[in-house]
Amino acid sequence: MGAYFKMQMTDKESLCQNIYTDEIIGSADYLREYEKYAKVGKKGIPVTCYTNFRDSLFHFRKMANCSEEHEIMQQAFAVKEHAHRARTDAMTSVLFYFSRVANSLMNEESIDADTKMQLRILLHKMKNIIMISRMDGMMMPDVSNPKIAREDITAVLEEFFDLVQEKCFIQFVEINDRLGEEKSNCL
């Protein structure tokens, strides 16, 4: 049998605090933020966001309760993986929904050409973020995937909402209501 090394209590405590702050609290804040965006679309974020967040809590508890270094590191990795999935699912579902709204807005005759061009630019930004996030989730070791900062995603959404509010709010509400009547209550 292999040797099992115990992690020093101070190292474990520091690791647990960092994982808790960065992954657990950070993901909870992230999910709350995307729940607000989803509410604008009269929707909710997918259930998978919550199940992955729950799973990250499960692995965190296992990590906090064990003392063997290898097991602690495995559980820390699992916490990060589930938290990342929760955040990615929330973000992609919100962006996917609002890209559908943007696409529908571009088909509205009552919206001027300049606004449609701005919508098209934002639509491409949203789709690029979704594509990069999906590629990042594939974990392909030979491919260098660009990373998108949370602030960049927030900026795209805020730019979209500002444009809609200023230029085509009535059409946005109509399309949002129409899409909101579809079967699923999740984005």
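The values are calculated or read from the model by the stated rules, or taken from the named source; none is laboratory data. What you see is a predicted model; the values in this text were computed from it and never measured. Cβ coordinates were reconstructed from backbone atoms using ideal geometry, including for glycine residues, and neighbour counts include every protein chain displayed. Accessible surface is based on the protein model in full, side chains and every heavy atom, while ligands, DNA and RNA are left aside. Shrake-Rupley method; radii C 1.70, N 1.55, O 1.52, S 1.80 Å.
Here are the numbers:
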item: Selection from segment 87-109 of residues that are among the hydrophobic types (A, V, I, L, M, F, W, C) and under 17 Å from the mean Cα position of the chain (by Cα); result: Ala90, Met91, Val94, Leu95, Phe96, Phe98
item: Failed item in (1) surrounded by fewer than 17 Cβ atoms within 10 Å (Cβ to Cβ); (2) modelled with pLDDT of 95 or more, with Thr10 passing the rest; result: (2)
item: Residue satisfying condition, being exposed (fewer than 14 other Cβ atoms within 10 Å of the Cβ) and either under 30 Å from Asp162 (Cα atoms) or acidic (Asp, Glu) (or both), within set His124, His70; result: His124
item: Selected residue (criterion: nearest to Leu163 (Cα to Cα)) from residues of segment 73-119 that are in contact (Cβ under 8 Å) with a residue 60 or more places away in the chain and not in a helix (DSSP H, G or I); result: Ile111
item: Residue check for Ile24: open to solvent by less than 20 Å² (accessible area, probe 1.4 Å) and in contact (Cβ under 8 Å) with a residue 60 or more places away in the chain; result: no
item: Some residue of segment 9-32 being closer than 26 Å to Arg100 by Cα, in contact with a helix residue (DSSP H, G or I) (Cβ under 8 Å, 6 or more places away or on another chain) and not small (Gly, Ala, Ser); result: yes
item: Criterion (of a type in the set (Val, Ile, Thr), out of contact with any strand residue (DSSP E or B) (no Cβ under 6 Å at 6 or more places or on another chain), closer than 30 Å to Ile170 by Cα and modelled with pLDDT of 95 or more) met by exactly one of Ile45, Ile19; result: Ile45
item: Residue match in segment 62-69 (condition: free of Cβ contacts under 8 Å to residues at least 24 places away in the same chain and either among the β-branched types (Val, Ile, Thr) or part of a helix (DSSP H, G or I) (or both)); result: yes
